[in-house]
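The next block holds one structure in the form of structure tokens; read it before the comments.
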Amino acid sequence: MKTRILVGAALIAAVLGIYLLDAHVLRNTLFSRAVLWALALLTLHEVLSLGAKRVETGPGLFVLGGIAVTAVVVPYLISSHDVPIAVPGTLLVLAAVVAAGVRLLGMAPLRSAAAAFPEAALLGVGILATAGLVCFLDGILVRRNGLHAAIAVIAIAKSADMSGYFVGTLAGRRPIAPAVSPKKTWEGTIGSLLGAAGVGALLAPELNNFPPLYGAIAGAILGGAAFLGGMLASGLKRWAGVKDSAVLLPEFGGFLDLLDSILVAAPVAAVCLHGA
């Protein structure tokens, strides 16, 4: 646990450093956008690598996924600030469908379409999960609410992770879904929601100037989304037969392990703050 606390503190310091650089030195969100984009592509690589442990993948799968992510992200980032929320979600689905279709059609002559379909589905899911990090968190929260709101959403999602971990470690008794994630407990999940609600109340002014009560409600909702993200990542890793998505950080694993809660919380936050 000591190692986990130290690494967590280092990660918090890194996020604060990015915030201070963009807010007080560069006075824009250029660097944070670059970081988000890099994290999205690295997470995409991990998702496809996990899938490759169970699905026969051909060469160039990550390249095709990277092209699809770029095709969605770049036009959105350079477009008007008043793009409706439905646009990034629509673009993500289209990019996933097109990339998966290209992969399916390209692999079908080499083997049956039925054998190529899992690879195409893996590519599509990977694009939806990772490009969403950029389109929803950067393209909506950063552009519309400022860097403060984006940091607040990340803080709420990660506070849910940390609260769930510590409460589950100290007081967890009843597993919530042992077949998917044996270490997640009901006690830890309740602690996760309460922790997210508390941080949401504290950071309510950054979330569309919410009053504390609304901030707590939004925090609890984001805590639930963070829990769902963790369960989805756990399910993917268990399907692939691995404990961590990669060996990157002690006690944390890879980028997917680090960002799983934010991948789901970001689009949920966009809807909570701006409506569907």
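Yes/no per residue for (1) modelled with pLDDT under 70; (2) surrounded by fewer than 18 Cβ atoms within 10 Å (Cβ to Cβ):
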{"position": "THR57", "(1), (2)": "no, no"}
{"position": "ALA68", "(1), (2)": "no, no"}
{"position": "VAL72", "(1), (2)": "no, no"}
{"position": "PRO75", "(1), (2)": "no, yes"}
{"position": "ILE78", "(1), (2)": "yes, yes"}
{"position": "ALA100", "(1), (2)": "no, no"}
{"position": "MET107", "(1), (2)": "yes, no"}
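The number of residues in region 163-179 being surrounded by fewer than 18 Cβ atoms within 10 Å (Cβ to Cβ) and assigned to a loop (DSSP other than H, G, I, E, B) comes to 5. Which count do you get for residues in region 1-33 that are modelled with pLDDT of 75 or more, of a type in the set (D, E, K, R), part of a helix (DSSP H, G or I) and surrounded by fewer than 15 Cβ atoms within 10 Å (Cβ to Cβ)? Within region 1-33, residues that are modelled with pLDDT of 75 or more, of a type in the set (D, E, K, R), part of a helix (DSSP H, G or I) and surrounded by fewer than 15 Cβ atoms within 10 Å (Cβ to Cβ) number 0.
A count restricted to region 254-272 and to residues that are out of contact with any helix residue (DSSP H, G or I) (no Cβ under 6 Å at 6 or more places or on another chain) and farther than 17 Å from GLY164 by Cα stands at 1.
Answer yes or no: is there a residue in region 200-212 that is in contact (Cβ under 8 Å) with a residue 40 or more places away in the chain, crowded, with 18+ Cβ neighbours inside 10 Å and charged (D, E, K, R).
We begin by selecting, within region 200-212, every residue in contact (Cβ under 8 Å) with a residue 40 or more places away in the chain; these are 200, 203, 206-208.
From what's left, crowded, with 18+ Cβ neighbours inside 10 Å: 200, 203, 206-207.
Then drop every residue that is not charged (D, E, K, R), which leaves 206.
For region 200-212, residues in contact (Cβ under 8 Å) with a residue 40 or more places away in the chain, crowded, with 18+ Cβ neighbours inside 10 Å and charged (D, E, K, R): present.
Within region 168-212, if we keep just the residues that are touching a Gly at 6+ places or on another chain (Cβ under 8 Å) and polar (S, T, N, Q), the residue that is nearest to ILE156 (Cα to Cα) turns out to be SER192.
Quick grid of which residues meet (1) under 14 Å from the mean Cα position of the chain (by Cα); (2) surrounded by 20 or more Cβ atoms within 10 Å (Cβ to Cβ); (3) not in a helix (DSSP H, G or I):
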| position | (1), (2), (3) |
| --- | --- |
| ALA150 | yes, yes, no |
| ASP161 | yes, yes, no |
| PRO182 | no, no, yes |
| GLY198 | no, no, no |
| ALA218 | no, yes, no |
| ALA225 | yes, yes, no |
| GLY235 | no, no, no |
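The residue of region 237-276 that is nearest to CYS135 (Cα to Cα), among those that are part of a helix (DSSP H, G or I) and charged (D, E, K, R), is ASP260.
The values are calculated or read from the model by the stated rules, or taken from the named source; none is laboratory data. Just so it is clear, the model here is predicted, and its values are computed rather than measured. Ideal geometry is used to build each Cβ from the backbone, glycine not excepted, and the neighbour counts take in all protein chains shown.
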